[in-house]
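Just below is one structure, and these are the notes that go with it.
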Amino acid sequence: MRTSDVIVIGGGLAGLMAAIAAAGQGKQVTLMTAGAGTLAIGGGTIDILGYLEDNTLVENPRAGLACLPADHPYSKVGSQAVEDAVQFFLNLCRQEGFAYTGSLDSNQWLPTAVGTLKPSCLVPLAMDTAPLKAAGHVVVVGFARLKDYFPELISAGLSKIPGYQKDYEQVVIDPGFVGGRDVTTLDITRWLDTPAGQQACYEQLGKFIRPGSVVVIPPVLGSRPDYDVRNKLEHALACKFVETVIMPTAITGLRLRAMLLNHARKLGVRIMEQAHAAWAVQDGTRVTAIVTSNVDRERAYHTQAVVLATGGFFGGGITADPDKVQEAVLQLPVAAPPDREGWGTLKLFSGAAQPFAKIGLRVDASLRPVDAQGRVLLNNVYIAGRNLAGYDYCLEKSGNGVALVTGYTAGLRC
């Protein structure tokens, strides 16, 4: 019989954190994932809370937690759970040799590919902006044929921001790729994974770098969850590198996913790739098995507890049909405005919260699903990540933060 103590459905940040937390408590964990999800192409930073619902800027995420409504996921689990999840994540990263920097006491402001600053809380060391703030001479690097990345735009934008008036210089590196298609950050990253690529980058950059300079570069300094490429180039050029935030696909998310998968495997988590969870076997208010459906047959996997982290609308975890909105695996009811005309505001970029973004599953303080009256629907099921109701991850800049905190909390409580 295929049996686990815990089945986690979903291989994004929330699912991986849940699996790691549960396995760390000695549980036998099976992680079912239908694909890599958005974690593999995302920015790889942990945005805890950048803005409140009224668009108020949050300088101190810890203080901002007290301003959130009662139905927000952070409010559901409590501030201590947020604190514990953040510390657990930072310790895990250090243990795996891919340290992150930051704390709940302040947000960091990261340079983007369009020359603006984005708030985030926990970031890889390669994105630490302390060297950029202290720099006098900044070299902004681009790559020949890299789409949607323009050093001139970044320099012009940053130079208008108070505290970032520097001596900017733009440099374009040519990796020597041949062929007609656009070059991606993954192409460049794989090039820099090689000694030949590192040598060519060093030779081209060395003509412009002064000792003590700061180099602003897209996230291309190696595909693995370590800092080997960055460290080698910094040592050779006597400078500091700062990777920017870019539109997907970003290698920072790929590195983070690889690190978490490596750690999960060390803990004995069984990872099932391309596992499509179709439905559940229930005994009253308990789920006793998850059934997967693939091209050959259906298979039942028995369990004592389930963490549902299937990614909301974008991950296919919540579906919207003409007559109903529901969760896709367990058929749980979804908290959604009945009038779909009210799901969105007329101005998409108005700075106001979007009602559709808050659609999700209601939960109690233990992250178990509840109905509109607060009654627990399934006693051994825990909800994590984007499936949760009550927050606008895009406006708040809280997506990976909620995934981290609720995934970790669900993994402990199951």
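Look at the dipole of segment 113-245 built from charges on Cβ: of Gln165, Val178, Ala196, the Cα furthest out on the positive end belongs to Gln165. Only lysines eight or more places from Lys76 in sequence, or on another chain, were considered; those with a Cα closer than 22 Å are Lys358, Lys397.
Roughly how many Å is it from the Cα centre of segment 303-317 to that of segment 218-238, as a whole number? Taking the Cα centre of segment 218-238 as reference, the centre of segment 303-317 is 35 Å away. Legend: calculated FRET efficiency, Asp296 to Trp343, from the Cβ-Cβ distance at R0 = 45 Å, rounded to 0.05, equals 0.70.
To the nearest 20 Debye, how big is the dipole of segment 113-245 about its Cα centre, given +1 on the beta carbon of each Lys and Arg and -1 on that of each Asp and Glu?
Once rounded to the nearest 20, the dipole reads 200 debye.
Protection proxy ranking of 325-335, 218-228, 170-180, by the mean of other Cβ atoms within 10 Å over each peptide's residues and highest first, is 218-228, 325-335, 170-180.
Counting Lys +1, Arg +1, Asp -1, Glu -1, what net charge surrounds Asn379 among other residues with beta carbon under 9 Å of its beta carbon?
Working: positive: Arg286, Arg368; negative: none.
For residues surrounding Asn379, the net value is +2.
Between Ala278 and Ala196, the modelled label-to-label distance comes to 4.8 nm, taking each label 7 Å out from Cα in the direction of the beta carbon. Gain on full extension, evaluated as 0.36 nm per residue between Phe208 and Glu59 minus their Cα-Cα distance, stands at 50.1 nm.
If a spin label sat at a point 7 angstrom from the Cα of Asn380 along the line to its beta carbon, the backbone N atoms of segment 297-315 nearer than 19 Å would be those of 299-309.
Ranked for footprinting exposure by Cβ neighbours inside 10 Å, fewest first, Asp323, Asp339, Asp5 give Asp323, Asp339, Asp5. Taking 13 Å as the straight-line reach from the Cα of Lys266, the aspartates and glutamates in range (excluding those fewer than 8 positions away in the same chain) are Glu96.
Of the trypsin sites (Lys or Arg not before Pro) found in segment 268-316, those that fall in a DSSP loop while having at most 14 other beta-carbon atoms within 10 Å are Arg297. For Leu186, put the label point 7 Å out on the Cα→Cβ axis and report which residues of segment 246-262 keep their amide N under 17 Å from it. Inside the label zone: 246-259. Per-peptide packing, taken as the mean over residues of other Cβ atoms within 10 Å, places 15-25, 80-90, 252-262 in the sequence 15-25, 252-262, 80-90 from highest down.
Lys and Arg at +1, Asp and Glu at -1: add these up for the other residues within a Cβ distance under 11 Å of Thr285 and post the number. Intermediate results must be reported in sequence, preceding the final value.
Details: positive: Arg286, Arg368, Arg375; negative: Asp283.
Around Thr285, the charge tally is +2.
For Thr249 and Leu52, a Förster radius of 41 Å and the Cβ-Cβ distance give a FRET efficiency of 0.85, rounded to the nearest 0.05.
Taken together, the values in this text are just the output of simple stated rules run on the coordinates, not laboratory data. Just so you know, these numbers come straight off a predicted model, no measurement behind them. Please note: Cβ atoms are built from the backbone with ideal geometry, for glycine as well, and neighbour counts cover all protein chains shown.
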